[in-house]
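Below: the structure, in C-alpha cells.
The values are calculated or read from the model by the stated rules, or taken from the named source; none is laboratory data. From a predicted model like this one, the values you see are computed outputs, not experimental measurements. When we count neighbours, we look across all protein chains shown, and the Cβ atoms used for this are built from the backbone with ideal geometry, even at glycine.
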Amino acid sequence: MNKVDLEVLKSIYKDIENSHLEAISIICEALNVSEDKIEKIEILKKGMTNNSFIFTVNNVRYIMRIPGEGTSKLIDRVQEAEVYSLIKDKNICDDLIYINAENGYKITKFIENSRNCDDKNNDDLRICMEKIKELHSLGLEVGHEFDVFEKIDFYESLWKNKNSIYPDYKEVKANIFSLKDFIEKNRKPKCLTHIDANCDNFLISPDGSLRLIDWEYASMQDPDIDIAMFCIYSLYDKEQIDNLIDIYFNGQVDEVTKNKIYAYVASCGLLWSNWCEYKLDFGIHFGEYATKQYEYARDYYKIVKEWLDKNR
C-alpha cells in the first residue's frame with residue numbers, strides 16, 4: 001500500500017482513531033497477502049447505512065464495507081452472516097470473501113462491468129423481478145423474521161426527541177396499525193426475502209445476468225413485501241407501482257393481493273420514515289426520500305381503507 005492509498009483509507013476513518021489500520025489488517029488476513037499488495041483504493045459514494053471502498057489485490061478488485069454511524073442499533077450482523085452462509089452458493093448474491101458478525105466488516109469481490117437497475121426501464125424491471133422471484137421460489141429459511149410493525153415501534157424508540165417531526169404522526173401510525181389484521185389474514189407463507197430490494201442493489205451484467213447485493217435486512221417475510229420495498233425505494237407513483245406489480249405477477253394479480261401490497265407500501269413507508277427520523281439524530285438528512293416515505297404511509301392507508309370499506 002502506497003502513501004496515497006493510505007491517506008485515502010484514513011479519510012474514511014477520520015473520526016475513528018486507527019480504525020484504518022484494522023481495515024488493512026483484515027484485508028491482509030482475509031486474502032492472505034502483505035500490506036504492499038493492497039492498491040488503488042477508491043472511496044465509493046456513501047450509502048444510507050454504510051460506507052465502502054474499492055481496493056485491488058493481485059489485479060482483482062474487491063469492496064470492503066464499513067458500517068456507518070448508528071448502524072449497530074439497526075442491523076444484526078449475526079443474522080446477516082447467517083443469511084450469507086445460506087445464499088453464498090445459490091448464484092444470487094455477490095461473492096463473499098469475508099464477513100465479521102461482530103463489527104459488520106465485509107469484503108466481497110467487485111462485480112466488474114455491472115450496472116444498477118434502471119427503475120424506469122421495463123426490461124430492467126423484468127430482469128429484477130425474475131431474480132427476486134427466483135429468491136422467493138427457493139423457499140430458503142433463516143431463524144429470524146422482519147416484523148414491520150415491531151420495527152416501526154423499535155425505530156421510534158430510538159429517537160432522542162420522542163416526538164415525531166410530523167404533527168399527525170400518532171394518527172398516521174394508528175391508521176397503519178389498523179391494517180395489520182388485513183395483512184396477516186392475506187399473508188403468503190414466509191420465506192427468505194431481501195427486504196432491502198432497492199434498485200441499486202440489483203447489479204446487471206452485460207450478459208443479462210444479475211446479482212443481488214446488500215443482504216443486511218434479509219429475513220423471513222411474505223415475499224410480496226419485496227415488491228412494495230422496491231416501489232418505495234424508487235419513489236414510485238401509483239401508476240409505476242401498478243406496473244411493477246403487473247410485471248412481477250405477469251398481469252395476473254388479484255385485487256386482494258394488490259391491496260395487500262399497497263398496505264405494505266403504507267406500513268413500510270412509515271417504517272423507513274421512522275428510520276430516517278432516527279438518522280436525524282446523527283445529522284443525516286434524506287430529504288425527499290424521507291418525506292416521501294411518510295407520504296406513502298399517509299396516502300396508501302387511505303387507498304387500502306377505501307378498498308376495504310367497499311369490499312366488506
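List of remarks:
- Pairs, first under 16 Å from Lys109 (Cα atoms) in region 29-45, second acidic (Asp, Glu), C-beta under 6 Å, six or more apart: Ile41/Asp5
- Helices (runs of 4 or more DSSP H) fully within region 233-312 counting 2 or more residues that are at negative phi and without any contact (Cβ under 8 Å) to a residue 12 or more places away in the chain: 238-248, 287-310
- Flag not set for Phe149, criterion: outside any loop (DSSP other than H, G, I, E, B), at pLDDT below 95 and surrounded by fewer than 20 Cβ atoms within 10 Å (Cβ to Cβ).
- Only one of the numbered conditions (1) in contact with a Lys or Arg (Cβ under 8 Å, 6 or more places away or on another chain); (2) modelled with pLDDT of 90 or more; (3) buried (at least 17 other Cβ atoms within 10 Å of the Cβ); (4) more than 30 Å from Trp159 (Cα to Cα) is violated by Ala30, and that is (1).
- Scanning region 152-174 for residues that are small (Gly, Ala, Ser) and surrounded by 13 or more Cβ atoms within 10 Å (Cβ to Cβ) turns up just one, Ser164.
- Options Leu96, Leu158: the member that is within 18 Å of the chain's Cα centre (by Cα) and either in contact (Cβ under 8 Å) with a residue 12 or more places away in the chain or in the same structural domain as Phe249 (by TED's automatic domain parsing) (or both): Leu96
- Per the conditions (1) free of Cβ contacts under 8 Å to residues at least 40 places away in the same chain; (2) of a type in the set (Gly, Ala, Ser); (3) assigned to a loop (DSSP other than H, G, I, E, B), the sole criterion not satisfied by Gly143 is (1).
Here is a yes/no grid of residues against (1) in contact (Cβ under 8 Å) with a residue 24 or more places away in the chain; (2) charged (D, E, K, R); (3) part of a helix (DSSP H, G or I):
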{"position": "Ile66", "(1), (2), (3)": "yes, no, no"}
{"position": "Asp118", "(1), (2), (3)": "yes, yes, no"}
{"position": "His136", "(1), (2), (3)": "yes, no, yes"}
{"position": "Lys162", "(1), (2), (3)": "no, yes, no"}
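- Residue in region 245-254 that is buried (at least 19 other Cβ atoms within 10 Å of the Cβ) and modelled with pLDDT under 95 present: no
- For Met129, the requirement of being within 17 Å of the chain's Cα centre (by Cα) and modelled with pLDDT of 95 or more is met.
- Screening Val265 with (1) buried (at least 21 other Cβ atoms within 10 Å of the Cβ); (2) farther than 17 Å from Phe177 by Cβ; (3) of a type outside the set (S, T, N, Q) gives one miss only, at (2).
- Per-region count, region 164-180, residues in contact (Cβ under 8 Å) with a residue 12 or more places away in the chain and among the basic types (Lys, Arg): 2
Quick grid of which residues meet (1) closer than 29 Å to Ile66 by Cβ; (2) β-branched (Val, Ile, Thr):
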site	(1), (2)
Lys173	no, no
Ile176	no, yes
Asp181	no, no
Ser205	yes, no
Asp214	yes, no
Ser219	yes, no
Asp224	no, no
Ile227	no, yes
Asn243	no, no
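- Some residue of region 96-109 being of a type in the set (Val, Ile, Thr) and surrounded by fewer than 18 Cβ atoms within 10 Å (Cβ to Cβ): yes
- Taken together, the criteria exclude Ile227 from residues that are farther than 30 Å from Leu96 by Cβ and either surrounded by fewer than 19 Cβ atoms within 10 Å (Cβ to Cβ) or assigned by TED's automatic domain parsing to the domain that holds Asp124 (or both).
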